[in-house]
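A.B. asks: I have a structure here, written as structure tokens, and I will follow up with some questions on it.
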Protein chains: 2
Amino acid sequence: MLNYSTSEENYIKTIYHLQNGQNTVSTNALAEKLSTRPASVTDMMKKLKTKKLLHYQPYQGFRLSNEGKKVALDIIRRHRLWEYFLAEKLKFKWDEVHAVAEDLEHVSSKKLIDKLDEYLGYPKFDPHGDPIPDSLGKMDSSRQISLTELPVNQPAEVCRVINQSDEMLELLQHKKITIGTRLEVKKKFGFDRSIEIKLKQSKGALQRSPHGPSGQPPFLISEQLAKNIFVTL
Amino acid sequence: MLNYSTSEENYIKTIYHLQNGQNTVSTNALAEKLSTRPASVTDMMKKLKTKKLLHYQPYQGFRLSNEGKKVALDIIRRHRLWEYFLAEKLKFKWDEVHAVAEDLEHVSSKKLIDKLDEYLGYPKFDPHGDPIPDSLGKMDSSRQISLTELPVNQPAEVCRVINQSDEMLELLQHKKITIGTRLEVKKKFGFDRSIEIKLKQSKGALQRSPHGPSGQPPFLISEQLAKNIFVTL
DNA sequence: ATTTTTTTTTAGATTTGCCTAAACTTTTAT
DNA sequence: ATAAAAGTTTAGGCAAATCTAAAAAAAAAT
């Protein structure tokens, strides 16, 4: 695996996230995500094409090649391992790890990352619940469904939150929802597709609450929030 | 404290090391250390002067300003904390930490470094024995003398090795000299200023050696090596 | 089927950090 | 004291990554 510049790596990583599966990625979408100009994207696409990291015909959008995907997974591995390190060892808050990991991910010593992985105990998911690729690029794709898809009365555990903004994290924190929280959907309302959920006693937390043996009362959350919370059964 | 580019940081750090105390640093010396060309150094010196990080009059050499020294100490702090982390936590070998830390030191989140420092237990020295500046730039300057200055029969402990090349590390490894090794100078020879030293039982290592209760026999080391080994009494 | 709008690309600059070659200072040697 | 050598700076260029403005292609609307 060759070395790529920080800028190249940011393009590759972002294309990977945008081309969820087989989608083709557009110049404008990529420029938007990277806070840059379409013209800069075109320049970089030409360069990455000559390096055989992506397929690209002018005006036709682009997709990572197999080699490009490998590189992307390696960057994502580095990013998520650092996120795990920051949260787990340095006690960063869940919502602070991303920005710092954006810098650390570009330090590309293979030995460093493999030793870090070992030190951390080969974690499978980062603090946001995203799976961490192993050194071969394989990662767990354990069934993670959105809260909107979770059947009523089916117990589940929060394993991932996507698209987190500061506002969203504030709301989650207020409602005491974190990775690992166990819950059930109690009712779904057609009117605005909001859903009522009930948090369950987590294994660790056994203190008496003021709500009796059944814990806190159920409460409503919006569809917009539910879409962004993923759970495992 | 503003942010500086990786390149600027490398210049600042290297000037700090070269201007040991009040020396003035020359263009050629800096170019040599940074494996770059004198013309590039001049360019950068002009830039750093406008940023008030150093004092510089054409043809007269340069010295860091107080602000420049502060920046240098911050970079050195990051570098040495990462070295400590790599050796202590990730079990990198003593001679492998420097190269990786060269990259990590440029990730400049203050919060990251302060939390790393806390996590590591506020270490005072890096794996080479160099003192680590605290978040205010203060560092231990505990008396560390070169082996060439150590009086005969004065027990001491290796605390620092400077100027380490691969060849030198090979030699140290072969003679089983590491940070923490305790020893005494037994004889000094005027002819080539080589010295004879004797390793002492380290506190930790209590296994019987084939050399009886007094440990290994004394052996000679060159002046060149002795100059680079520092000890505390 | 044109025209309009949107998207994408090209052309030409800019900034950073580096280079070579030539010019200029300072130092050293005669 | 002056010439040669060594060290330093200037001048002019180059590559990476960005930008703006204009041109070209594709998509949408009439």
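The values are calculated or read from the model by the stated rules, or taken from the named source; none is laboratory data. If you're wondering where the values come from, they're calculated on a predicted model, not measured in any experiment. Counting neighbours? That spans all protein chains shown, and the Cβs are built from the backbone with ideal geometry, glycine included.
A.B. asks: From the list B:ASN23, B:ASN28, B:ASN10, pick out the single residue that is of a type outside the set (D, E, K, R), more than 8 Å from DNA strand C (Cβ to nearest atom) and at pLDDT 95 or above.
C.D. replies: B:ASN28
A.B. asks: If you take just the helices (runs of 4 or more DSSP H) that sit entirely in the stretch B:10-97, which of them hold at least 3 residues that are within 14 Å of chain A (Cβ to nearest Cβ), more than 10 Å from DNA strand D (Cβ to nearest atom) and within 18 Å of the chain's Cα centre (by Cα)?
C.D. replies: Of the helices (runs of 4 or more DSSP H) lying wholly inside the stretch B:10-97, those with at least 3 residues that are within 14 Å of chain A (Cβ to nearest Cβ), more than 10 Å from DNA strand D (Cβ to nearest atom) and within 18 Å of the chain's Cα centre (by Cα) span B:66-88.
A.B. asks: Taking A:PRO127, is it outside any helix (DSSP H, G or I) and closer than 28 Å to A:GLU196 by Cα? Break it down stepwise before answering.
C.D. replies: Numbers: outside any helix (DSSP H, G or I): yes; closer than 28 Å to A:GLU196 by Cα: yes.
Here the answer is yes, as A:PRO127 does meet what is asked.
A.B. asks: Which condition does B:VAL100 not pass, out of (1) buried (at least 19 other Cβ atoms within 10 Å of the Cβ); (2) more than 10 Å from chain A (Cβ to nearest Cβ); (3) closer than 28 Å to B:SER146 by Cα; (4) in contact with a Leu (Cβ under 8 Å, 6 or more places away or on another chain), if it passes all the others?
C.D. replies: (2)
A.B. asks: Can I ask one more? Could you please let me know if B:LYS46 is within 26 Å of B:ASP114 (Cα to Cα), surrounded by fewer than 19 Cβ atoms within 10 Å (Cβ to Cβ) and within 11 Å of DNA strand C (Cβ to nearest atom)?
C.D. replies: In short, no.
A.B. asks: Does B:TYR16 satisfy being under 30 Å from B:CYS159 (Cβ atoms), more than 16 Å from DNA strand C (Cβ to nearest atom), surrounded by 14 or more Cβ atoms within 10 Å (Cβ to Cβ) and at pLDDT 95 or above? Please lay out each step first, then the result.
C.D. replies: Working: under 30 Å from B:CYS159 (Cβ atoms): yes; more than 16 Å from DNA strand C (Cβ to nearest atom): yes; surrounded by 14 or more Cβ atoms within 10 Å (Cβ to Cβ): yes; at pLDDT 95 or above: yes.
When the stated conditions are applied, B:TYR16 passes them.
A.B. asks: Then there's this: Taking the condition modelled with pLDDT of 95 or more and away from DNA strand D (no atom under 16 Å from the Cβ), does B:TYR122 pass?
C.D. replies: yes
A.B. asks: Moving on. Name the residue that is nearest to the other protein chains (Cβ to nearest Cβ), counting only residues in the stretch A:130-144 that are surrounded by 16 or more Cβ atoms within 10 Å (Cβ to Cβ) and part of a loop (DSSP other than H, G, I, E, B).
C.D. replies: Taking the candidates together, the pick is A:ILE132.
A.B. asks: Could you check how many residues of the stretch B:103-113 are more than 7 Å from every other protein chain (Cβ to nearest Cβ) and part of a loop (DSSP other than H, G, I, E, B)?
C.D. replies: 3
A.B. asks: Separate question: Restricting to the stretch A:114-124, give me the number of residues that are surrounded by fewer than 19 Cβ atoms within 10 Å (Cβ to Cβ) and either facing another protein chain (nearest Cβ under 8 Å) or in a helix (DSSP H, G or I) (or both).
C.D. replies: Taking the stretch A:114-124 first, the residues surrounded by fewer than 19 Cβ atoms within 10 Å (Cβ to Cβ) are A:114-115, A:118-124.
Adding the requirement that they be either facing another protein chain (nearest Cβ under 8 Å) or in a helix (DSSP H, G or I) (or both) leaves A:114-115, A:118-120.
Result for the stretch A:114-124: 5.
A.B. asks: Would you confirm whether or not the stretch B:103-122 contains a residue that is under 15 Å from the mean Cα position of the chain (by Cα), within 27 Å of B:THR6 (Cα to Cα) and hydrophobic (A, V, I, L, M, F, W, C)?
C.D. replies: Taking every residue of the stretch B:103-122 in turn, none turns out to be under 15 Å from the mean Cα position of the chain (by Cα), within 27 Å of B:THR6 (Cα to Cα) and hydrophobic (A, V, I, L, M, F, W, C).
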